[in-house]
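Some notes on the structure that comes next.
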Amino acid sequence: MDPISLIALIMGTGWASGINLYATVLTLGIMGVAGVVDLPPGLHMLEHPLVLGAAAVMYSLEFFADKIPGLDTGWDAVHTFIRIPASIVLAYSAAEGMPMEVQFAAMLVAGGMSTASHATKAGTRAIVNTSPEPFSNWSLSLAEDVAVIGGLWTAMHYPLVFIGLMILFIMAMVWLLPKLWRGIRGLYRRVIGFFSDNKEVLLIEDQRKKDG
């Protein structure tokens with residue numbers, strides 16, 4: 001695999017893993033088995049039936065969990081400790097057999113990309129979940145699945161195009177993440193305020209009962 005294709009693959013697996021790790025593994029494995037792409041030797045493990053089966057089961061669970069407001073945020077919180085480390089392992093495997101400095105650089109890039117995409121996804125979901133209707137949540141979830149599959153296909157077939165798209169993603173993320181963080185902080189304050197107000201009401205009612 002030439003250097004440009006390898007860079008696109010590493011950036012792609014990192015970015016996609018931060019959004020949906022199981023869809024990433026399943027997509028790469030299926031493309032490898034079908035002969036659509038030629039995966040690096042270190043990623044041939046993704047073509048094994050056991051890995052494909054496990055990824056399919058977990059993707060099915062995430063497909064439904066990702067569409068339930070509230071549950072998707074909890075799922076994202078838990079997967080902070082799964083998606084990012086797994087993306088680093090995938091990057092290390094993709095660069096298998098190369099000099100140690102190349103492998104380490106691949107791990108840094110993949111870890112950074114997965115952290116960025118995961119934070120963007122989790123923050124966006126937390127804000128969208130404040131909407132009373134479920135359709136925006138479902139639409140966003142489906143769009144994420146399509147983006148992962150389409151993004152990996154682009155990375156494997158048009159690496160320069162994908163790298164350009166990732167540069168645009170990084171620029172958009174730098175602009176978006178502070179706004180998401182402010183939105184989440186505002187949401188957190190409203191939730192705390194809601195429970196604080198309720199607590200004060202309960203205390204007043206208890207005091208009235210005692211006085212009565």
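For the stretch 14-34, which residues satisfy the criterion of being of a type in the set (Val, Ile, Thr) and closer than 16 Å to ALA147 by Cα? Reasoning before the result, please.
Start the filter on the stretch 14-34 by keeping residues that are of a type in the set (Val, Ile, Thr), which leaves 19, 24-25, 27, 30, 33.
Across the stretch 14-34, the qualifying residues are ILE19, THR24, VAL25, THR27.
In the stretch 45-78, what count of residues is obtained for those that are out of contact with any helix residue (DSSP H, G or I) (no Cβ under 7 Å at 6 or more places or on another chain) and not aliphatic (A, V, I, L, M)?
Counting residues in the stretch 45-78 that are out of contact with any helix residue (DSSP H, G or I) (no Cβ under 7 Å at 6 or more places or on another chain) and not aliphatic (A, V, I, L, M) gives 8.
For a quick check of your reading of the model, give me the residue pairs whose first member lies in the stretch 147-169 and is under 12 Å from THR13 (Cα atoms), whose second is of a type in the set (Val, Ile, Thr) and outside any helix (DSSP H, G or I), with beta-carbon atoms closer than 9 Å and at least 6 apart or on different chains.
LEU152/VAL37; TRP153/VAL36; TRP153/VAL37; MET156/VAL36; MET156/VAL37
Could you grab me the full set of residues in the stretch 112-135 that are loosely packed, with under 14 Cβ neighbours inside 10 Å and polar (S, T, N, Q)?
Within the stretch 112-135, THR130, SER131 meet the criteria.
Quick check: anything in the stretch 22-29 touching a Pro at 6+ places or on another chain (Cβ under 8 Å), more than 16 Å from THR115 (Cβ to Cβ) and either among the acidic types (Asp, Glu) or part of a helix (DSSP H, G or I) (or both)?
Filtering the stretch 22-29 down to residues touching a Pro at 6+ places or on another chain (Cβ under 8 Å) leaves none.
Scanning the stretch 22-29 turns up no residue that is touching a Pro at 6+ places or on another chain (Cβ under 8 Å), more than 16 Å from THR115 (Cβ to Cβ) and either among the acidic types (Asp, Glu) or part of a helix (DSSP H, G or I) (or both).
Could you check, for the stretch 48-63, whether at least one of its residues is under 27 Å from ILE167 (Cα atoms), surrounded by fewer than 16 Cβ atoms within 10 Å (Cβ to Cβ), in contact (Cβ under 8 Å) with a residue 24 or more places away in the chain and not polar (S, T, N, Q)? Can you show your working first?
We begin by selecting, within the stretch 48-63, every residue under 27 Å from ILE167 (Cα atoms); these are none.
No - not one qualifying residue is present in the stretch 48-63.
Please find, within the stretch 89-111, the residue that is farthest from ILE10 (Cα to Cα) out of those that are assigned to a helix (DSSP H, G or I) and in contact (Cβ under 8 Å) with a residue 60 or more places away in the chain.
First pass over the stretch 89-111, keeping only residues assigned to a helix (DSSP H, G or I): 89-94, 100-111.
Filter once more, so that each one left must be in contact (Cβ under 8 Å) with a residue 60 or more places away in the chain: 90-91, 94, 106, 109-111.
Values: LEU90: 8, ALA91: 6, ALA94: 7, ALA106: 6, VAL109: 7, ALA110: 6, GLY111: 10 Å.
Only one residue fits best here, namely GLY111.
For the stretch 66-86, how many residues meet the condition of being hydrophobic (A, V, I, L, M, F, W, C) and buried (at least 16 other Cβ atoms within 10 Å of the Cβ)? Walk me through it before giving the result.
The first filter runs over the stretch 66-86 and keeps only residues hydrophobic (A, V, I, L, M, F, W, C), leaving 68, 71, 75, 77-78, 81-82, 84, 86.
Adding the requirement that they be buried (at least 16 other Cβ atoms within 10 Å of the Cβ) leaves 68, 75, 84, 86.
The total comes to 4.
Which one of these is surrounded by fewer than 18 Cβ atoms within 10 Å (Cβ to Cβ), at negative phi and more than 19 Å from the chain's Cα centre (by Cα): VAL89, VAL161, VAL146? Can you show your working first?
Values: VAL89 fails: more than 19 Å from the chain's Cα centre (by Cα); VAL146 fails: more than 19 Å from the chain's Cα centre (by Cα).
The unique qualifying residue is VAL161.
Only residues in the stretch 112-123 that are assigned to a helix (DSSP H, G or I) count as the first member; pair them with residues that are among the hydroxyl-bearing types (Ser, Thr, Tyr) and at pLDDT below 90, Cβ under 9 angstrom, at least 6 apart or cross-chain, and list the lot.
From the stretch 112-123, the pairs are ALA122/THR73.
The values are calculated or read from the model by the stated rules, or taken from the named source; none is laboratory data. Not measured: the values here are computed from a predicted model. Cβ: placed from backbone, ideal geometry, glycine included. Neighbour counts: every protein chain shown.
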